[in-house]
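Colleague: One structure, as structure tokens, below. Some questions next.
The values are calculated or read from the model by the stated rules, or taken from the named source; none is laboratory data. Everything numeric in this text was worked out from a predicted model, so none of it was measured. Cβ placement follows ideal geometry from the backbone for every residue including glycine, while neighbour counts extend to all protein chains displayed. These area figures cover heavy atoms from the full protein model, side chains too; ligands, DNA and RNA do not enter into them. Shrake-Rupley method; radii C 1.70, N 1.55, O 1.52, S 1.80 Å.
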Amino acid sequence: MIEGQRTPIESGCPDGFQYMHPVMRKNYGDWAYHEDPRPGVLKHTARGGDAIYTVRAGTQRILDVFTLRKLCEIGDEFAEGYVRFTIRSNIEYMVSDGSKVEPLIEALEKEGFVVGGTKNSVAMISHTQGWLHCDIPGTDASGVVKSMMDELIDEFKNWNMPNRVHITTSCCQINCGGQGDIAINVQHTKPPKINHDLVANICERPSVVARCPVAAIRPALVNGKPSLEVDEKKCICCGACYPPCTPMQINDPEHTKLAIWVGGNHSNARGKPTFQKLVAAGIPNNPPRWPEATAIVKKILQTYKDNARDWERLNDWIERIGWPQFFELTELPFTKFHIDNWRGSRRSLNASTHIRF
Ligand code: SF4
Ligand code: SF4
């Protein structure tokens, strides 16, 4: 380091230990088992005998400052001043005294927050950033979550499902979209429309050409200007060209649809991880309540609830009964679009938890 130069400021995640409940800090790495006293509550017991209760409540994820303050006030008054947010946008309060659990739940419910999402319930739907942070969304993932969770509130609050159900939504076809027991993903159905006047000014053409997974984009001169052209017969309407080149507009109120995929599971605890598979396509992207997509999700959940054995995850259940029976029971039409005939996937998709280079 040059003499007199200031020390660089380290950025990145702060050390999480400073924010942990003291009982969690003390027993770090020394937990013996956990129990589920009631929906939305976990009790962890350490080898030394200490116990900590976690109370989980759903939030709308995109939190305004007033709601956040309210949640913190509840944490100070009814819990012990420690909270954390889960990856599915739930807030969790930790208390070491079991007698604080019920008053805390009462305080949360009085303010309109819903306690649940543990064990064999439908957990809060995880969703991608959408319009608030991202420049390419084709739908409002947060709005889809809100409309669906309004209808699934009893499944969040109770242990009604054969096993836990993780639902995800995403607002484009290619990036941070989820893989879950049920995934509601954007589906583009038309190739991008190119604004040739803007391509030369905005896009780095070689990187756009390189991004297309099926090599459908070629450089071209249009009206004497450097631009791009798309071989529409090859294009699979994935939208991967749109983020690096916004003049390749693919979002469209009519032709951007929703698709529902089921059976994805990251875990390899009891079996291999599984890829989700398409079960419903071309569903209208219909804000503000997306009734068509919600009806299909509810039908799949009801069928799973009525037919799966205890503790079968959605993918285990489908594997046992087979896909033909899944389509029969859910009354979803099986069409030629459900058949994956893209042979390139064998080589390029990673089907194990191991990283390949
Ligand atoms: S899913 Fe796509 S559109 Fe939505 S936030 Fe992620 S990258 Fe952006
Ligand atoms: S939408 Fe996808 S397949 Fe079509 S041109 Fe763009 S990158 Fe290629």
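Colleague: (1) more than 16 Å from ligand 1 (Cβ to nearest atom); (2) open to solvent by less than 40 Å² (accessible area, probe 1.4 Å): which one isn't true of K225, the others all being true?
Modeller: (2)
Colleague: Of the residues that make up region 163-185, is at least one under 22 Å from E312 (Cα atoms) and over 13 Å from the mean Cα position of the chain (by Cα)? Let's see the steps before the verdict.
Modeller: Of the residues in region 163-185, the ones under 22 Å from E312 (Cα atoms) are 163-168, 178-184.
Then drop every residue that is not over 13 Å from the mean Cα position of the chain (by Cα), which leaves 163-164.
Yes.
Colleague: Something else now. Any residue at all in region 202-219 that's buried (at least 18 other Cβ atoms within 10 Å of the Cβ), acidic (D, E) and at negative phi?
Modeller: Taking every residue of region 202-219 in turn, none turns out to be buried (at least 18 other Cβ atoms within 10 Å of the Cβ), acidic (D, E) and at negative phi.
Colleague: Here are the criteria: (1) of a type in the set (D, E); (2) touching a residue at least 40 places away in the same chain (Cβ under 8 Å); (3) open to solvent by 80 Å² or more (accessible area, probe 1.4 Å). Tell me which single one E73 does not satisfy.
Modeller: With respect to (1) of a type in the set (D, E); (2) touching a residue at least 40 places away in the same chain (Cβ under 8 Å); (3) open to solvent by 80 Å² or more (accessible area, probe 1.4 Å), E73 is out only on (2).
Colleague: If we scan region 243-254, do we find a residue that is more than 6 Å from ligand 2 (Cβ to nearest atom), free of Cβ contacts under 8 Å to residues at least 12 places away in the same chain, open to solvent by 70 Å² or more (accessible area, probe 1.4 Å) and in a loop (DSSP other than H, G, I, E, B)?
Modeller: So far as region 243-254 goes, yes, one or more of its residues are more than 6 Å from ligand 2 (Cβ to nearest atom), free of Cβ contacts under 8 Å to residues at least 12 places away in the same chain, open to solvent by 70 Å² or more (accessible area, probe 1.4 Å) and in a loop (DSSP other than H, G, I, E, B).
Colleague: With the requirement that a residue be within 16 Å of ligand 1 (Cβ to nearest atom), open to solvent by less than 60 Å² (accessible area, probe 1.4 Å) and either of a type in the set (A, V, I, L, M) or closer than 15 Å to Y304 by Cα (or both), what does region 117-173 give you? Quick ask: steps written out before the conclusion?
Modeller: Our first condition is that a residue be within 16 Å of ligand 1 (Cβ to nearest atom); within region 117-173, this holds for 125-146, 167-173.
Keeping just the survivors that are open to solvent by less than 60 Å² (accessible area, probe 1.4 Å) gives 125-128, 130, 134, 136-145, 167-172.
Correct list: I125, I136, A141, V144, V145, I167.
Residue-by-condition table, conditions (1) more than 19 Å from Q173 (Cβ to Cβ); (2) open to solvent by less than 30 Å² (accessible area, probe 1.4 Å):
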site: H266; (1), (2): yes, no
site: K272; (1), (2): yes, no
site: F275; (1), (2): no, no
site: A293; (1), (2): no, yes
site: K298; (1), (2): yes, no
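Colleague: Pick from I153, I125, I167, I136: which is under 28 Å from M248 (Cβ atoms) and aliphatic (A, V, I, L, M)?
Modeller: I136
Colleague: Here is a further query. Output the residues belonging to region 309-330 that are in a helix (DSSP H, G or I) and not aromatic (F, W, Y).
Modeller: L314, N315, D316, I318, E319, R320, I321, P324, Q325, E328, L329, T330
Listed here are the residues, each with its yes/no results for (1) outside any loop (DSSP other than H, G, I, E, B); (2) away from ligand 2 (no atom under 11 Å from the Cβ); (3) free of Cβ contacts under 8 Å to residues at least 12 places away in the same chain.
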| residue | (1), (2), (3) |
| --- | --- |
| V199 | yes, yes, no |
| S207 | yes, yes, no |
| A215 | no, no, no |
| S227 | yes, yes, no |
| A280 | yes, yes, no |
| R289 | no, yes, no |
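Colleague: Give the residues of region 128-149 that are over 12 Å from the mean Cα position of the chain (by Cα), part of a helix (DSSP H, G or I) and either among the polar types (S, T, N, Q) or within 16 Å of ligand 2 (Cβ to nearest atom) (or both), sorted by residue number. It would help to see each step written out before you state the result.
Modeller: Step one: filter region 128-149 for residues over 12 Å from the mean Cα position of the chain (by Cα), giving 131-140, 143, 146-149.
From what's left, part of a helix (DSSP H, G or I): 131-132, 143, 146-149.
Scanning region 128-149 gives a single hit, S147.
Colleague: Taking the criterion of being of a type in the set (V, I, T), open to solvent by 20 Å² or more (accessible area, probe 1.4 Å) and more than 23 Å from I236 (Cβ to Cβ), would at least one residue in region 306-321 satisfy it?
Modeller: Looking through region 306-321, at least one residue is of a type in the set (V, I, T), open to solvent by 20 Å² or more (accessible area, probe 1.4 Å) and more than 23 Å from I236 (Cβ to Cβ).
Colleague: Conditions first: (1) under 25 Å from K234 (Cβ atoms); (2) within 16 Å of ligand 1 (Cβ to nearest atom). E204 passes all but one, so which condition is the exception?
Modeller: Against the list (1) under 25 Å from K234 (Cβ atoms); (2) within 16 Å of ligand 1 (Cβ to nearest atom), E204 comes up short only on (2).
Colleague: Given the structure, is V262 closer than 24 Å to K298 by Cα, open to solvent by less than 40 Å² (accessible area, probe 1.4 Å) and more than 16 Å from ligand 1 (Cβ to nearest atom)?
Modeller: yes
Colleague: Would you check if there is a residue in region 183-194 being farther than 18 Å from I283 by Cα, within 16 Å of ligand 2 (Cβ to nearest atom), open to solvent by 70 Å² or more (accessible area, probe 1.4 Å) and outside any loop (DSSP other than H, G, I, E, B)?
Modeller: Yes - at least one qualifying residue is present in region 183-194.
Colleague: Somewhere in region 88-100, is a residue at pLDDT below 95, in a strand (DSSP E or B), open to solvent by 20 Å² or more (accessible area, probe 1.4 Å) and touching a His at 6+ places or on another chain (Cβ under 9 Å)?
Modeller: Checked region 88-100: no residue is at pLDDT below 95, in a strand (DSSP E or B), open to solvent by 20 Å² or more (accessible area, probe 1.4 Å) and touching a His at 6+ places or on another chain (Cβ under 9 Å).
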